[in-house]
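Worksheet: the structure to be examined is printed underneath.
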Amino acid sequence: MKSIIFNFNKKLVRLSFFVFCFIGIGGVYAQSPASAKSKNITTVNDKKYYLHKVAHAQSLYGIAKIYGVDVNTILKENPAASKGIIVGQDLRIPFDNTIATTTTPVEQKKPEEVKPPVEEPKKTEQPVVVNNSSGEPDLLSLVDEKPQKEYVASTFKSTRNINFHTSEILGKRCLDFRISHRFGPLNSGANNAWGIDGPANLMLSLEYSHDGRWMVGLSRCIENKTAEAFFKWKIIRQVKHGFPFSVTYFGGMYHTFNKQATGEPIEFYNTVADRLSFVHEIIIACKVTPWLSLQVAPAYVHYNLAGETNGLSKNDCVALTGVVRVKYNKRQAIIFEYAYRLNTNYGAAGTKYYNSMGIGWEVETGGHVFQIFATNSYGIMENSYLMMTSTSWSGAGVRIGFNITRVFALSKKKVIFKGAIVGQ
């Protein structure tokens, strides 16, 4: 009997000890709201805050009850908490003495933890309001910046395609030195090395751009001892996902210094004005794809003086030119050009002229662009090849030629762009 009672009392003692420990541990965690306030106080922008560290199983509603503030007050000082709070996160709670409130927190029926919102696809980016030192929103941060236009670069690799000017302009403060050479026609026979022995035509030119939108140039050519001065301006630029093509104006003035074989002046030219001719073009170009570029340009040629001496019966010629560039790797392309003359009855008696056409290969090597090609035009300047191409492809009056260009950056600041020589 004693053994049984002793055993029963022993179990009762164990049970009582377990209940006592459970109550004691619960009392440690069941602190009053006032005793759970953080003693860590910090000052931000002349305002005092409790620095509360989120404990296990705490919610924003429960923390608001501890400090006697509204949940919205906590969210206002801690915007990141709107997406949810985590254990160990530091929250800034307004200090009692710094904020005078006339309202008491409204008890919610069912306090719930703030869950992170489900992210949805953003249609447009919202401006971020940045608080200044006074805690007020910075209104300048709400001003949307206008998106910058991205212009298409390097529609063509060079400012010229065989003979024809392209829509391209040199880069800012860049100087281009160009050498253009044409051999004799292939139908001149083996004794003339199929044109290698000449008669050859050569042109040297210097071209300069100051701001990448306009450029000027000076040239000198063997044919008729002609000098050229030209102006070129990119009026409209092609925009990626915007305006589909570029528009460039070209205007050239040409003066012949040709004399008789004896060195005497040619009587045909009585004044300086008689030796002048002019060319105007509106160049419309489009980079259709990264490997395909197209260009068309109506052109007008005018000679102040026409006659038997210069092989013209009329002063004017109108033509429509076209250029195609097909890029087949990073630095090489096939180039083609053709000029269709809209009026063809301006040749002097016994003189017949043809449409200019050329096809060639282009390679870019850093600051150099090299073109080798075949063309039926002996002339290199616009006033010559547009109006007075005297040989044709059908009669094997084709000449081998090449262009070499070297660009020098005159600015201390390096100009870097695709194609090495063209600007925007």
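Evaluate the range 277-293: report whether one residue or more is among the hydroxyl-bearing types (S, T, Y), within 16 Å of M387 (Cβ to Cβ), in contact with a strand residue (DSSP E or B) (Cβ under 7 Å, 6 or more places away or on another chain) and crowded, with 17+ Cβ neighbours inside 10 Å. Within the range 277-293, one or more residues are among the hydroxyl-bearing types (S, T, Y), within 16 Å of M387 (Cβ to Cβ), in contact with a strand residue (DSSP E or B) (Cβ under 7 Å, 6 or more places away or on another chain) and crowded, with 17+ Cβ neighbours inside 10 Å. None of L202, L218 is in contact with a Leu (Cβ under 8 Å, 6 or more places away or on another chain) and not hydroxyl-bearing (S, T, Y) except L218.
May I ask you to verify whether G367 is in the same structural domain as S167 (by TED's automatic domain parsing) and modelled with pLDDT under 95? Working first, answer last.
On the way: in the same structural domain as S167 (by TED's automatic domain parsing): yes; modelled with pLDDT under 95: yes.
Answer is yes for this residue.
Is it fair to say F250 is exposed (fewer than 15 other Cβ atoms within 10 Å of the Cβ) and among the hydrophobic types (A, V, I, L, M, F, W, C)? Against the criterion (exposed (fewer than 15 other Cβ atoms within 10 Å of the Cβ) and among the hydrophobic types (A, V, I, L, M, F, W, C)), F250 does not qualify.
Consider the range 263-276 and keep the residues that are surrounded by fewer than 13 Cβ atoms within 10 Å (Cβ to Cβ) and charged (D, E, K, R). The one that is farthest from N310 (Cα to Cα) is E264.
The values are calculated or read from the model by the stated rules, or taken from the named source; none is laboratory data. If you're wondering where the values come from, they're calculated on a predicted model, not measured in any experiment. Positions of Cβ are generated from backbone atoms using ideal geometry, with glycine treated the same way; all protein chains shown enter the neighbour counts.
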